[in-house]
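Student: Would you mind keeping the following structure in view while I ask a few things?
Bear in mind these aren't lab numbers, they're just calculated from the coordinates by the rules spelled out. Not measured: the values here are computed from a predicted model. We place every Cβ from the backbone using ideal geometry, glycine too, and count neighbours over all the protein chains shown.
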Amino acid sequence: MRITVNFYSYFRDLTGAAEATETLKAGATIADLLKQLFARFPKLEVMQNSMLIAVGVEYQRRDYKLKEGDIVSLFPPVQGG
Amino acid sequence: MKRSLLIIQAPIDEASLLAQREMSNGMGAAVYFAGVVRDSEGPSAISAIEYEAFQQMAEYQFAKIFDQIEKRWPVESLRVVHRIGVVEVNEPSLWVEVIAPHRGEAFAACQFLIDEMKKTVPIWKRPLQRPS
């Protein structure tokens, strides 16, 4: 299945991209997606402890099972106000 | 509870927002908060902050906070404006109005909204250094 990943804030600087597409096996989780992304964008791995993850508009944990067409967003801690 | 959320590029017009206040006769408290850009970020002097939002998710996460406020306090009206893009020093980036029967619940709801926003609403800032 193909998963679209959006990067926000300085995660765009770390990856050099606003968006990426990854192909994963059926039943893959966000943790599997991150493993592939860290291989492709090594600078992202350094931020993994503070990284926030959403699928659509909901925050999700790393054991969330991805579905075809999911849009995953990765970003640093939020700073509104 | 009446609710209003604007995430906008344009400057926040506080006078205009205040003029649009609506509160029923049973309400005794209108609490306002403006978050204003300071001239420093840590040790660095700055001229502005550039705000970025994941707009669709920000609206959704704000709505979840509004839902929690509605359950916890008898708030009649909640209005929030968050500016995105470049906000100069001394200009507001955030404006909040909470209308409730008493000041205690209005202050508590306002504090809760801002605290939760800083945990869950996907908005980020990038300080812009003052040219030397």
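Student: I need the fraction of alpha carbon pairs in chain A separated by more than 16 Å, rounded to a whole percent.
Tutor: Every Cα pair in chain A considered, those over 16 Å come to 45 percent.
Student: Also, quick follow-up: Go through A:T15, B:V81, B:I49 and say which Cα lies farthest out towards the positive end of the charge dipole of the protein assembly as shown; charges sit on Cβ, +1 for Lys and Arg, -1 for Asp and Glu.
Tutor: Of A:T15, B:V81, B:I49, it is A:T15.
Student: Hey, rough spin-label estimate for B:Q56 and B:K119, points 7 angstrom out along Cα→Cβ, what's it come to in nanometres?
Tutor: Calculated label separation equals 2.6 nm.
Student: Separation between the B:M1 and A:Q36 pseudo-spin-labels, each 7 Å from Cα along Cα→Cβ, expressed in nm?
Tutor: In this crude spin-label approximation the distance works out to 4.0 nm.
Student: What are the GluC sites (Glu not before Pro) within segment A:13-81 that DSSP puts in a loop, where the Cβ has at most 11 other Cβ atoms within 10 Å?
Tutor: When the GluC sites (Glu not before Pro) of segment A:13-81 are filtered for loop state and at most 11 Cβ neighbours within 10 Å, A:E68 remain.
Student: Between A:N49 and B:Y32, take the C-beta separation as r, use R0 = 41 Å, and let me know the FRET efficiency to the nearest 0.05.
Tutor: 0.65
Student: So, one more: Any chance you could list the semi-axes, whole Å, largest first, of the equivalent ellipsoid that the Cα gyration tensor gives for the protein assembly as shown, using √(5λ)?
Tutor: On the way: eigenvalues 246, 103, 32 Å².
For the protein assembly as shown, the semi-axes come out at 35, 23, 13 Å.
Student: State the percent of C-alpha pairs, over all pairs in segment B:42-116, separated by a distance greater than 17 angstrom. Kindly include the intermediate steps, with their values, before the conclusion.
Tutor: Working: 1446 of 2775 pairs.
Percent of Cα pairs beyond 17 Å in segment B:42-116: 52.
Student: Same structure, new question: Looking only at B:V80, B:V89, B:V98, which one moves most when chain B is put into a Gaussian network model with springs between Cα atoms under 10 Å?
Tutor: Of B:V80, B:V89, B:V98, the Gaussian network model singles out B:V89 as fluctuating most.
Student: Between B:K64 and A:T21, what FRET efficiency comes out of the Förster formula 1/(1 + (r/R0)^6) with R0 = 35 Å and r the beta carbon distance, rounded to 0.05?
Tutor: The value I calculate is 0.75.
Student: Normalized C-alpha radius of gyration of chain B, against 2.2 N^0.38 Å? Present the calculation step by step, with values, prior to reporting the outcome.
Tutor: Working: Rg = 15.4 Å, N = 132, 2.2 N^0.38 = 14.1 Å.
Here the answer is 1.10, to two decimals.
Student: Extension gain B:A45-B:Q111, at 0.36 nm per residue separation less the Cα-Cα distance, in nm?
Tutor: Extra length from B:A45 to B:Q111 when fully extended: 21.0 nm.
Student: Taking amide hydrogens as modeled 1.01 Å from N in the peptide plane, which residues meet the under 5 Å criterion relative to B:E91, leaving out close sequence neighbours?
Tutor: So B:E91 has HN proximity to B:V37.
Student: Any lysines with Cα under 19 Å of the A:K25 Cα? List them, leaving off those in the same chain fewer than 8 positions away.
Tutor: A:K35, A:K65, A:K67
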